[in-house]
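The values are calculated or read from the model by the stated rules, or taken from the named source; none is laboratory data. Everything quoted here is computed from the prediction, not taken from an experiment. Using ideal geometry, Cβ is built from the backbone for each residue, glycine included, and neighbour counts are taken over all protein chains shown.
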């Protein structure tokens with residue numbers, strides 16, 4: 001089964017619900033090394049994106065409008081990151097596309113990641129959302145079905161998020177803690193894993 005607009009709406013709704021359920025946990029993770037507000041920020045951004053996707057009339061516009069809504073939610077870097085990502089994914093989708101197979105979806109996510117990395121610093125190993133996002137997008141390559149692609153992305157994002165416990169932060173407020181930031185999970189990577197897990201589950205639900 002390919003990705004349709006209806007399935008995308010279900011995926012974003014699931015992601016918004018799962019992030020909302022984890023809001024306090026994500027804030028606690030962020031409080032260990034940051035401002036303690038990541039749960040609020042990512043909930044606002046993903047909820048806004050989901051609402052916009054829910055009102056969209058096609059796949060390309062859904063990602064673009066979702067990105068614009070996340071960006072307009074004004075939750076600092078979180079809104080900018082996901083706004084840029086979703087709008088970049090939209091750039092990778094052909095106008096008029098009514099569904100996306102695994103290859104087309106992987107290509108669109110690669111475009112989104114590229115757009116994001118043009119404006120946001122960070123790489124695997126920096127203890128940021130990139131520790132989950134980059135492996136997730138890389139895991140999409142070569143998958144035969146969208147279900148396989150999303151399952152692989154979710155697994156890679158989860159593994160990447162867990163790996164951040166062994167890393168020292170290189171960006172943001174947590175960077176000031178240096179080696180003391182080791183032993184805590186990065187909230188941005190964890191929330192990214194939550195989103196990909198929700199995407200995969202919602203897509204495979206009948």
If residue 140 passes every condition in (1) modelled with pLDDT of 95 or more; (2) within 14 Å of the chain's Cα centre (by Cα); (3) closer than 22 Å to residue 48 by Cβ but one, which one does it miss? (3)
Being over 14 Å from the mean Cα position of the chain (by Cα), modelled with pLDDT of 95 or more and farther than 21 Å from residue 10 by Cβ is the filter here; which residues of the range 43-91 pass it? 91
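Consider the range 110-144. How many of its residues are outside any helix (DSSP H, G or I) and in contact (Cβ under 8 Å) with a residue 40 or more places away in the chain? Walk me through how you get there before you give the answer.
Residues of the range 110-144 outside any helix (DSSP H, G or I): 120-129, 141-144.
Cutting the leftovers down to in contact (Cβ under 8 Å) with a residue 40 or more places away in the chain gives us 120-122, 125-129, 143-144.
Summing the residues that are outside any helix (DSSP H, G or I) and in contact (Cβ under 8 Å) with a residue 40 or more places away in the chain in the range 110-144 gives 10.
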Write out, first by first residue and then by second, each pair whose Cβ atoms fall under 7 Å of each other, whose residues are 6+ apart or on separate chains, and whose first residue, in the range 94-108, is part of a loop (DSSP other than H, G, I, E, B) while the second is modelled with pLDDT of 95 or more and surrounded by fewer than 21 Cβ atoms within 10 Å (Cβ to Cβ). 101/2
Check off (1) on the phi < 0 side of the Ramachandran plot; (2) modelled with pLDDT under 95; (3) touching a helix residue (DSSP H, G or I) at 6+ places or on another chain (Cβ under 7 Å) for residue 130 and give me the number that stays unchecked. (3)
Tell me the residue from 150, 177 that is at pLDDT below 90 and either loosely packed, with under 15 Cβ neighbours inside 10 Å or in a helix (DSSP H, G or I) (or both), please. 177
Looking at 8, 59 in this structure, which one is closer than 19 Å to residue 99 by Cβ, surrounded by 20 or more Cβ atoms within 10 Å (Cβ to Cβ), touching a residue at least 40 places away in the same chain (Cβ under 8 Å) and touching a strand residue (DSSP E or B) at 6+ places or on another chain (Cβ under 7 Å)? 59
Out of the residues in the range 156-174 meeting the condition of being surrounded by fewer than 20 Cβ atoms within 10 Å (Cβ to Cβ) and at pLDDT 75 or above, tell me which one is nearest to residue 7 (Cα to Cα). 159
Say whether the condition of being closer than 29 Å to residue 164 by Cβ, touching a residue at least 40 places away in the same chain (Cβ under 8 Å) and surrounded by fewer than 22 Cβ atoms within 10 Å (Cβ to Cβ) is met by at least one residue in the range 76-83. yes
